[in-house]
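See below for the structure under consideration.
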Amino acid sequence: MRPPPSPPHPTTPLPDLGRSRLLSVQSPPTFGLLLDIDGVLVRGHQVIPAAQEAFRRLLDPQGQLRVPVVFVTNAGNISQCSKAEELSAQLGFQVQPDQVILSHSPMKLFSQHHDRRMLVSGQGPLVENARALGFKHLVTVDELRAAFPGLGRAELQRGSEGLLQPLPRSDFPAIEGVLLLGEPVRWETSLQLITDVLLSDGNPGTGLATAPYPHLPFLASNTEPPRKVKEPLKGFGHGTFLLCLEAIYRKLTGRELCYSGLTGKPSLLTYRYAEGLLAQQAARRGWAAPIRSPYAVGDNPMSDVYGANLFHQHLQTQQEGAAR
């Protein structure tokens with residue numbers, strides 16, 4: 001069951017970021033920027049010209065940013081280092097990996113799950129990304145399919161490409177959690193195997209008479225639904241995959257799939273994680289003044305704007321609590 005969202009609140013206007021104001025600032029900045037990438041800085045593979053001009057104003061003569069900046073994307077099929085290199089080439093200045101927040105980056109905070117044996121699903125450098133987040137014991141969907149070929153009926157004729165190592169069924173330890181870093185390539189396989197792991201309490205193929213509930217820890221990133229108007233050719237994303245998985249689990253058990261953690265926009269955790277990175281950047285630059293006003297810029301009302309408004313509500317609640 002996903003946490004119920006709070007109603008959006010009006011966004012706070014952005015400060016004037018004109019050249020004259022930035023060049024005249026002598027004191028440490030008290031605000032930072034949380035920037036979406038696709039649709040705000042780049043469109044497709046092309047940098048938006050206004051974004052290049054904005055960063056020219058944000059850079060000092062030494063090529064350093066005048067304010068702390070993090071780049072927040074719901075992409076998850078690339079490494080932080082690769083995304084930072086890509087942004088550096090596009091924007092014309094050095095972007096550090098710790099300035100990039102992918103949809104699953106905040107999972108570094110889930111240390112209570114890092115020692116579990118996790119079934120991991122997604123695309124790209126999947127195992128590399130999961131290990132960078134702190135997860136130590138991983139099983140991919142392809143490994144699970146190879147160890148239990150009878151579970152995936154659609155997979156019986158497929159080979160065993162993409163395996164990290166052979167995992168014989170006779171020596172297959174129990175899976176202790178599920179980690180979804182992004183939409184898989186073959187949905188039917190992942191839906192079936194993930195469901196079986198949840199219904200069997202991490203022991204695939206055992207056919208338990210009653211599905212355990214609560215089920216195994218279930219972590220997922222990027223619940224964003226597809227946007228046909230913005231990207232008509234991209235198709236369904238991870239948010240749609242999660243909806244399918246929720247519906248299957250509900251149909252089979254009569255219960256709701258429970259998330260132990262959700263990351264990516266619009267989750268509040270992602271914005272709180274970004275706030276921490278802004279503070280770390282300010283500390284490295286020797287800016288003693290606290291970052292009181294993080295400003296988020298995005299183009300998607302259901303992820304960027306909604307998430308920023310949830311974060312705004314959170315900050316207001318914090319301030320009201322401190323004032324009492």
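At-a-glance table
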quantity: Full-stretch length increase - residue 213, residue 251 - with 0.36 nm per residue and alpha-carbon distance subtracted; calculated: 12.2 nm
quantity: Cα-projected label distance for residue 268 with residue 131, points at 7 Å along beta-carbon direction, nm; calculated: 3.5 nm
quantity: Net lengthening on full extension, residue 203/residue 111 (0.36 nm per residue, minus Cα-Cα); calculated: 30.8 nm
quantity: Sorted by Cβ neighbour density within 10 Å, fewest at the top, the residues 206, 140; calculated: 206, 140
quantity: Fewest-first ranking of 251, 108, 265, 136, using other Cβ atoms within 10 Å as the exposure measure; calculated: 251, 136, 108, 265
quantity: Residue exposure sequence - 120, 197 - by fewest surrounding Cβ within 10 Å; calculated: 120, 197
quantity: Nearby aspartates and glutamates by direct alpha-carbon distance to residue 136 (threshold 15 angstrom, same-chain neighbours under 8 apart not counted); calculated: 115, 128, 176
quantity: Gain on full stretching of the segment that runs from residue 66 to residue 30 - 0.36 nm per residue minus C-alpha separation; calculated: 11.9 nm
quantity: Per-bin percent of Cα-Cα distances, the range 62-109 [10 Å]; calculated: 26, 55, 17, 1
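Every read-out reported here was derived from the displayed coordinates using simple, explicitly stated rules and does not represent laboratory data. Here the structure is a predicted model, which means the values were calculated and not measured. Every residue, glycine as well, gets a Cβ built from its backbone with ideal geometry; the counts of neighbours run over all protein chains shown.
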